[in-house]
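*Asks:* Can you keep this structure in mind? I'll have questions shortly.
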Amino acid sequence: MSGLPPHRHGGTAPEPAPEPGLRRSRTLWWFLLAAVVVLVVGFGAGAVLGQLDPPRAARLVVAEFTTTEDGPADAPGPDPQLPVTGPQRGVPTCGWIEGPLGPAEQVATLAAGVVLIQHAGDPTQAEGARLRDLADRDRVAVAPSPALPDGARVVATSWRRRMPLERVDAGLLDAFVTGHADRAPALAPCP
């Protein structure tokens with residue numbers, strides 16, 4: 001028995017190195033496991049954030065589509081036809097509106113914390129149904145507008161915030177309403 005190699009008898013011969021393909025597959029497996037853990041933690045944090053502060057979570061959803069126009073509350077915005085701020089005040093408008101709103105009515109509506117969704121005036125049947133669903137929500141006004149920017153079919157506006165869209169995207173519009181309703185200087189109830 002003395003002629004046998006030592007590792008067969010419990011000796012301390014070194015373990016052979018793993019094959020290069022096995023080493024890569026182990027590395028890949030650990031990388032994939034780490035990626036899954038990061039995704040689960042990220043989605044979990046997003047779900048907790050969404051449950052704790054739905055308006056903030058909704059604002060994060062639409063942030064890349066929204067422009068902000070800062071300035072004093074009594075200063076008119078740069079667009080006189082689609083203002084986002086202004087000194088004029090009056091009675092806010094809510095719900096489905098058949099005709100365009102003038103700038104003073106728009107400012108009064110926005111200053112009261114109502115989200116104004118303006119459309120091109122010729123929505124398709126599906127778009128019209130989505131817009132009417134939004135108009136049924138509290139703190140929303142939906143009206144046609146001849147002054148939409150080029151390429152926009154719909155523009156959602158809140159106090160100092162604007163989101164033009166090329167199509168009626170119910171998910172984005174709903175998130176905009178959730179995130180920006182009641183964020184204005186002169187909150188007032190809808191009539």
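The values are calculated or read from the model by the stated rules, or taken from the named source; none is laboratory data. Every value quoted in this text rests on a predicted model; they were computed, and no experiment measured them. Neighbour counts run over all protein chains shown; Cβ positions are idealised from the backbone, glycine included. Only protein heavy atoms, including side chains, enter the accessible area calculation; ligands, DNA and RNA are left aside. Shrake-Rupley method; radii C 1.70, N 1.55, O 1.52, S 1.80 Å.
*Asks:* Could you check region 121-147 and list, in sequence order, the residues that are of a type in the set (Gly, Ala, Ser) and either over 22 Å from the mean Cα position of the chain (by Cα) or in a strand (DSSP E or B) (or both)?
*Replies:* Passing the criteria: GLY121, ALA141, ALA143, SER145, ALA147.
*Asks:* I would also like to ask the following. Do you know which residues across region 155-186 are within 15 Å of ASP122 (Cβ to Cβ) and open to solvent by 50 Å² or more (accessible area, probe 1.4 Å)?
*Replies:* Passing the criteria: GLU166, ARG167.
*Asks:* Can you work out which of the residues in region 67-102 that are in contact with a strand residue (DSSP E or B) (Cβ under 9 Å, 6 or more places away or on another chain) and small (Gly, Ala, Ser) is modelled with the lowest pLDDT?
*Replies:* Result: GLY77.
*Asks:* Moving on to the next point. Within region 155-186, count every residue that is out of contact with any Asp or Glu (no Cβ under 8 Å at 6 or more places or on another chain) and in a strand (DSSP E or B).
*Replies:* 7
*Asks:* While we're looking at this one, here's another question. State all residues of region 103-154 that are out of contact with any strand residue (DSSP E or B) (no Cβ under 9 Å at 6 or more places or on another chain) and loosely packed, with under 15 Cβ neighbours inside 10 Å; if no residue qualifies, say none.
*Replies:* Once the filter is applied, which keeps residues that are out of contact with any strand residue (DSSP E or B) (no Cβ under 9 Å at 6 or more places or on another chain) and loosely packed, with under 15 Cβ neighbours inside 10 Å, region 103-154 yields ALA104, THR124, GLN125, ALA126, ALA129, ASP133, ASP138, PRO146, ASP150.
*Asks:* Here's another thing I want to ask about it. Would you confirm, using the coordinates I've provided, whether PRO189 is in a loop (DSSP other than H, G, I, E, B), open to solvent by 10 Å² or more (accessible area, probe 1.4 Å), closer than 28 Å to ASP53 by Cβ and not charged (D, E, K, R)?
*Replies:* yes
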